[in-house]
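The values are calculated or read from the model by the stated rules, or taken from the named source; none is laboratory data. What you see is a predicted model; the values in this text were computed from it and never measured. Here Cβ is always computed from backbone atoms with ideal geometry, including for glycine, and neighbour counts include all displayed protein chains.
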């Protein structure tokens, strides 16, 4: 393993997840706010690790492997935490879409590796927008306190629904570009 700054940021993102879980489950408003702050820091590391890896020419196979895992863990675990307080259908459906897509993309990548196809599934602009919307929506959902009288939790739910739609679009792209290989 090559531990450079971008890889260290990815590892930090993973290390923050159990702390976010602990703070979220403690139940008090101050801990909830701290969970929001740590999620914000984790989200920023998601942006910075890739940017720094390209800028510093420190891209590694380890980083390419671990970064999407860190992203998926952060998003999926946070969604599961939030299900504990919101079982509304407008929250549950986007959550299920997002989590299901993540597992199916992992399965597609596994299948491509099994058949020895070296084709990389390139990251689309829609996937980057999807990830950004997911992280922003989760920030609002974690914060949950009104800002200037506005219900940010409701706004976070709307952004989550939009990101679920983009999640479906990006998933269909991955399937379309790998279908001939995965059905072998």
Counting only residues that are outside any loop (DSSP other than H, G, I, E, B) and more than 22 Å from residue 134 (Cβ to Cβ), region 23-50 contains a total of 4
Reported set for region 51-64 where residues are modelled with pLDDT under 80 and within 17 Å of residue 131 (Cβ to Cβ) is 53, 63, 64
Given the structure, is residue 159 in contact with a helix residue (DSSP H, G or I) (Cβ under 7 Å, 6 or more places away or on another chain) and either under 21 Å from residue 36 (Cα atoms) or modelled with pLDDT of 85 or more (or both)?
yes
